[in-house]
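Each remark here refers to the structure printed beneath this line.
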Amino acid sequence: MGDYTTRLVVGVGGRAGVSVAEVCALIEETLRGAGLTAAAVTALATVESKVGEAGIAGAAERFGVPLVGYPAEQLAAIDVPHPSDTARTAAGTPSVAEAAALATGGELLVPKRRSMAATCAVATAHAHDLRHHGDAEVVDAGSALVDLAVNVRADTPPAWLRERIAASLGDLAAYPDGRAARAAVAARHGLPVERVLLTAGAAEAFVLIARALGAVRPVVVHPQFTEPEAALRDAGHRVERVVLRAADGFRLDPAAVPEDADLVVVGNPTNPTSVLHPAATLAALARPGRILVVDEAFMDAVPGEREALAGRTDVPGLVVLRSLTKTWGLAGLRIGYVLAEPEVIAKLAAAQPLWPVSTPALVAAEACVAPAALAEAEEAARRIAVDRAHLVAGLAEFDEVTVVGAAEGPFVLIQVVGAAEVRTRLRALGFAVRRGDTFPGLDRSWLRLAVRDRVTTGRLLQALDHALALAAH
């Protein structure tokens, strides 16, 4: 897991001619007063027009950290607790220090502090543990917990798929040959093979996209699966976030995405919100010179794959990611694929190691896109929709629980009074659920529940009733 929340960014503003000594003294006093250490500071940040200010640049040098400058218009779009008309007039943003500290998406620890000619504020470098995933909720629990934290379909892989995979083990002495699987995926989506890349799950695809496509201004739409942002940050990118609001049902307005973003990442249906965005809304994000990444890892759990963009060739810059691990229970095998323009596929393929997908995974890919498998997946999607409706109806009986948005994926996002304590009590009662506070845009009041059969859901609802009653006392 990451330790992003231990790292600090200090936002700094200052009048012309402010001294290095004054800036350093203000930062040191602010950190000391908050019980923070200078060793945790990873960067000083300010508005671009102040990057050349000797006192601010010198302070970054003394602290031994980089000085990051942000455009005034970017900082002006960040909500700050202490806006100032004076700062807005002078620098184009209502608070240089607070906005610059918050620009990496962290949480403000120390609001604006002032000296005669300088201001500073301190925020965490990142607000959320982007490396936390649902499997962490059950990894050491064995079979002691009913797993509602991971979104892999229950009772998978099916026997026929296990048999196909087992039969491939006799071929392990030979190097993997992905041609048949790639052709099968291409045929499944009506595409030429040049538009298909097989990957070791969608997670590998995010790393390839981050490293191979040369993005300058990447934007990730949140709340969503955190691995795309983590991969971009690991590749050295400064990632901007468009955070959707619960009050809007986590719906996306294309106008919220900066016009000059050259890489945009969005999930559909989105994990963890379970919102299914209209295909037309996502297609409206396409621009010349922009890569539009749509993560459709859960699309095969949507009956009829409504709003899917996979197979579309009329959307410029479109990159669609698919995973076969969720519906077919192959998380341990790692298999997925990318659909994109041939030029993009070539760049991604050039960044892959040799033989990135194993022979058993290739056999599984070919099997899972066959007509009989697609029919089975469709039936499973329809069953999930019925089971999800049963879960949502049961949750509606609790005054303390709110289901935001119309869930369309194999999971439901809920807001719960006392969620952290409820999650702990559910665990004691035998149910593992996914905490929501590691997703940007969510906090400790959110939980994600995987959709399971009616019997399991009935037991969960009983346990939730018990957990809420205990939490109220």
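The values are calculated or read from the model by the stated rules, or taken from the named source; none is laboratory data. Keep in mind it's a predicted model, so treat the numbers as computed, not measured. Cβ atoms come from the backbone with ideal geometry, glycine included; neighbour counts cover every protein chain shown. Note: areas computed on protein heavy atoms with side chains; ligands, DNA, RNA excluded. Shrake-Rupley method; radii C 1.70, N 1.55, O 1.52, S 1.80 Å.
Within segment 371-392, identify whether any single residue is touching a strand residue (DSSP E or B) at 6+ places or on another chain (Cβ under 7 Å), closer than 22 Å to V220 by Cβ, surrounded by fewer than 24 Cβ atoms within 10 Å (Cβ to Cβ) and of a type outside the set (V, I, T), and answer yes or no.
Initial filter on segment 371-392 (touching a strand residue (DSSP E or B) at 6+ places or on another chain (Cβ under 7 Å)): 388, 391-392.
Restricting the remaining residues to those that are closer than 22 Å to V220 by Cβ gives none.
No, there is no match, as no residue in segment 371-392 is touching a strand residue (DSSP E or B) at 6+ places or on another chain (Cβ under 7 Å), closer than 22 Å to V220 by Cβ, surrounded by fewer than 24 Cβ atoms within 10 Å (Cβ to Cβ) and of a type outside the set (V, I, T).
Here are some conditions: (1) touching a strand residue (DSSP E or B) at 6+ places or on another chain (Cβ under 6 Å); (2) more than 24 Å from V275 (Cα to Cα); (3) among the acidic types (D, E). D234 meets all but one. Which one does it not meet?
With respect to (1) touching a strand residue (DSSP E or B) at 6+ places or on another chain (Cβ under 6 Å); (2) more than 24 Å from V275 (Cα to Cα); (3) among the acidic types (D, E), D234 is out only on (1).
Using the structure shown, decide if A203 is assigned to a helix (DSSP H, G or I), closer than 23 Å to L449 by Cα, of a type in the set (G, A, S) and touching a residue at least 24 places away in the same chain (Cβ under 8 Å). Before the answer, list the steps.
Details: assigned to a helix (DSSP H, G or I): yes; closer than 23 Å to L449 by Cα: yes; of a type in the set (G, A, S): yes; touching a residue at least 24 places away in the same chain (Cβ under 8 Å): yes.
For A203, the condition - assigned to a helix (DSSP H, G or I), closer than 23 Å to L449 by Cα, of a type in the set (G, A, S) and touching a residue at least 24 places away in the same chain (Cβ under 8 Å) - is met.
Restricting attention to segment 322-335, which residues are open to solvent by less than 20 Å² (accessible area, probe 1.4 Å) and either modelled with pLDDT of 95 or more or among the charged types (D, E, K, R) (or both)?
R322
Out of all the residues in segment 86-103, which are within 16 Å of R114 (Cβ to Cβ) and at pLDDT 80 or above?
If the condition is that a residue be within 16 Å of R114 (Cβ to Cβ) and at pLDDT 80 or above, then S95, V96, A97, E98, A99, A100, A101 are the ones that fit.
Using beta carbons and a limit of 6 Å, which pairs, at least six apart or on different chains, have the first residue in segment 431-451 and on the phi < 0 side of the Ramachandran plot and the second one open to solvent by 10 Å² or more (accessible area, probe 1.4 Å) and among the hydroxyl-bearing types (S, T, Y)?
The qualifying pairs do not exist here.
Please specify each residue of segment 216-234 satisfying the condition of being surrounded by 23 or more Cβ atoms within 10 Å (Cβ to Cβ) and more than 25 Å from R434 (Cβ to Cβ).
Matches in segment 216-234: P218 only.
I'd like to know if segment 403-413 contains one or more residues that are modelled with pLDDT of 95 or more and open to solvent by 30 Å² or more (accessible area, probe 1.4 Å).
yes
Inside segment 308-360, can you point out the residues that are among the charged types (D, E, K, R) and more than 22 Å from P288 (Cα to Cα)? Spell out how you get there, then give the answer.
From segment 308-360, those among the charged types (D, E, K, R) are 312, 314, 322, 326, 334, 341, 343, 347; that's our starting set.
Within segment 308-360, R322, K326, R334 meet the criteria.
For the subset of segment 188-215 comprising residues that are modelled with pLDDT of 95 or more and loosely packed, with under 14 Cβ neighbours inside 10 Å, which member is nearest to A349 (Cα to Cα)?
Step by step, filter segment 188-215, then rank; the result is P192.
Does A183 satisfy the condition of being in a helix (DSSP H, G or I), at pLDDT 95 or above and on the phi < 0 side of the Ramachandran plot? I'd like the intermediate steps shown before the answer.
Values: in a helix (DSSP H, G or I): yes; at pLDDT 95 or above: yes; on the phi < 0 side of the Ramachandran plot: yes.
Taking the combined requirement at face value, the residue satisfies it.
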